[in-house]
Each structure stands twice: as structure tokens, then as C-alpha cells.
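One structure is given below, encoded as C-alpha cells.
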Amino acid sequence: MVILPYWEGRHPDHYTASKLGYEACFLAGLAKLDLERALSTQQSAFSQVASALASVVAGEGQKSSLAPHRPFKIIYATLYFDIRPTFLVDISDQFEARFESLMAYKSQFSDQEAGKDIFPARDEIRARIESMARFYGMLAGVTYAEPFLQKEVGLVEDVTGIPVKSI
């Protein structure tokens, strides 16, 4: 499984990472892809990065190269884009660890003078993240949840096994 950022958003790094990740997953499954040739030819920078990512996914350059492989599932994290998710994951037990891992990005999330007009203080970030997680948790009947989207339509074999009640 691969989790990518949603393919639209306000930050170019996020939606570009989504496209690169998707393309790398596709390229990693090509049995006849000549990565060395692909990287040495005149391609766009985007194609070169996607090919390089595919080589990492496929295990190229390691002692034992892996067979071509594509992940079974690609899902998209939608927390930072206003779109209805297709499913939610209960993160109640992991909420604190998740928050602390986000705070590890001190250049973006810390109480500092530089960038204070761009980035909110730690307490404000916590309040925002907790509010969103509680909102999605409320929809799922848990304390905290994280929203995701899949492009495919899912098959449910037993509708009584879907854990969220309609009424």
C-alpha cells in the first residue's frame, strides 16, 4: 500500500509528490523498463524523478534486484484539502504520536520569530489538528479519525459488517 497526498492542494510540493508517487508506482511495475536508459535520455525533470523513484521501488541498484511490482492499493490523505473522504481510519490510539511526529518539522511548526506571520504557533497547530481529527472521529463514532480517499469503487461483501450506523 502507498499513501500519497491528495492530488490537489495549495502547496505545489504536496500535489507534485502525489503525481510523482503515482507515476513511480506505475513505472515500478513495468518489466521492460530500462531505467538506466530512461534516466540518461533527454526527458523532462519530472519524468527523470519518476523513473528514479521507480528504480528505488523496484530495488534497482541493490545487490538483489526485485521483480517489477505495483502496490495493491494507493490511497490519498485528504486531511488538508476540502473534499469528502471515501473512508476514515480511527487514529485515537495514535493521535499523540501523530501530533508529535508533525512537530518534528521544526522549520515549519515551532514557536519561532522567523515565519511567525506564515506559520501558527504550536498550540494553535495542535488546536487545528485536534479539531479536524475530532470532527472526522465524530463522523466515524470514535475520538479521532483521519480521512482518506481511494479512486476505485470498493466492494462490500456484507453490508452489516460496515461498522458505522446510518441512523
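The values are calculated or read from the model by the stated rules, or taken from the named source; none is laboratory data. What you see is a predicted model; the values in this text were computed from it and never measured. We place every Cβ from the backbone using ideal geometry, glycine too, and count neighbours over all the protein chains shown. To get the accessible areas, we keep the full protein, side chains included, count just its heavy atoms, and leave off ligands, DNA and RNA. Shrake-Rupley method; radii C 1.70, N 1.55, O 1.52, S 1.80 Å.
From 99, 72, grab the single residue that is at pLDDT 90 or above, assigned to a loop (DSSP other than H, G, I, E, B) and at negative phi.
On the way: 99 fails: assigned to a loop (DSSP other than H, G, I, E, B).
The unique qualifying residue is 72.
Within the set of pairs 6+ apart or on separate chains, which have a first residue in segment 145-156 that is outside any strand (DSSP E or B), a second that is open to solvent by 40 Å² or more (accessible area, probe 1.4 Å) and of a type in the set (A, V, I, L, M), and C-beta atoms under 7 Å apart?
156/162
Starting from residues that are among the basic types (Lys, Arg) and not in a helix (DSSP H, G or I), keep the ones in segment 1-33 and report whichever is least open to solvent (accessible area, probe 1.4 Å).
32
Would you pick out the residues in segment 126-165 that are surrounded by 14 or more Cβ atoms within 10 Å (Cβ to Cβ) and more than 18 Å from residue 76 (Cβ to Cβ)?
Within segment 126-165, 126, 129, 130, 134, 137, 142, 143, 144 qualify.
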